[in-house]
Amino acid sequence: MAYPTPLLQNDTLSHGTVECSDMVTTRRFLTEFLGLDIHRPVKEAQYMYKGGPWTVVCVRVDGGEAKDQTQDNLFKLSVNSAAEVDAAHEAALRHAEEYGIRKVEPPRDADGLRSFRLQDLNFTWWEISNVALSHYDALFDRGDVAH
C-alpha cells in the first residue's frame with residue numbers, strides 16, 4: 001500500500017512513556033521478571049528496551065501513584081511457544097506478591113496464539129504471547145482494512 005507523503009519527515013519513533021511510582025521496584029520487575037534491558041540516565045526516568053531502536057521511558061510520578069490503565073492500553077512481549085506462555089503465567093501467579101503484580105488474567109487461545117495479561121505495580125498492562133515477528137510483517141504487508 002502506498003502511503004501519502006507525510007508532513008513531518010522523521011527518521012525514528014524513538015520512545016513512548018509510562019508512569020512509575022517506585023523506580024527501584026519497577027526496575028526489579030522489568031529486569032528480573034520481564035527480562036527487559038534498563039538504563040537510567042537521569043534520576044526521574046529509566047529507559048526500557050529489548051532490541052531495536054524503540055524504547056519506553058518510565059517517568060517517575062512525584063508524590064503520587066501512577067494512573068490506572070485499561071487492558072486496551074498495554075505492551076506485548078513475545079515468547080517462542082504456548083508452553084513458554086504457560087510457564088510465564090505460572091511464574092506471574094507464583095511471584096505476584098514479590099514483584100507487586102496486581103492482576104494476572106487466565107491464559108487464552110485465539111487464532112492459533114496463546115497469551116495472558118498481567119497488570120504491574122504501576123497499573124501498566126502487559127500481554128505475554130507466542131506471536132512471532134513474522135505475524136507483524138504479514139500484518140503490514142496486507143495493508144489497511146477497507147473503511
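Values quoted throughout were computed directly from the atomic coordinates according to the rules given, and no laboratory measurement underlies them. Note that the coordinates shown come from a computational prediction; the quantities given were computed from them, not determined experimentally. So basically every Cβ, Gly included, is an ideal-geometry build from the backbone, and we count neighbours across all protein chains shown.
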Take the Cβ-Cβ distance between ALA82 and ASP37 as r, set R0 to 30 Å, and report the resulting FRET efficiency rounded to the nearest 0.05.
0.75
Two-site label geometry, LEU93 and LEU133: point separation in nm, points 7 Å out along Cα→Cβ:
3.2
Taking other Cβ within 10 Å of each residue's Cβ, how do HIS39, HIS95, HIS89 sort, fewest first?
HIS39, HIS95, HIS89
Counting each DSSP H run of 4 or more residues in the chain as -39500 (n - 2.57), what helix-only mean residue ellipticity at 222 nm follows after dividing by all residues, to the nearest 500 deg cm²/dmol?
-6000 deg cm²/dmol
Nearest 5 is fine: what % of DSSP beta bridges in the range 15-142 come out antiparallel, could you say?
60
If you find the alpha carbon centre of the range 82-143 and of the range 1-30, how far apart are they in angstrom?
20
Here FRET efficiency (C-beta to C-beta, GLN9 to TYR49, R₀ 25 Å, nearest 0.05) is 0.55
Karplus ³J(HN,Hα) for the range 79-93 (6.51 cos²θ - 1.76 cosθ + 1.60, θ = phi - 60°; Hz, whole; x = Gly/Pro) runs 10, 7, 7, 4, 4, 5, 4, 4, 5, 5, 4, 4, 5, 4, 5
Sketch the reach of a paramagnetic label on THR25 as a point 7 Å from Cα along Cα-to-Cβ, and name the residues of the range 106-142 whose backbone nitrogen lies under 15 Å away.
119-124
q = 0.11, 0.14, 0.18 Å⁻¹, the chain: log10 I(q)/I(0) [Debye, one scatterer per Cα]
-0.50, -0.78, -1.16
At 0.36 nm per residue, and after removing the present C-alpha to C-alpha distance, how many nm does the segment from ALA110 to LYS67 gain when stretched out fully?
12.5 nm
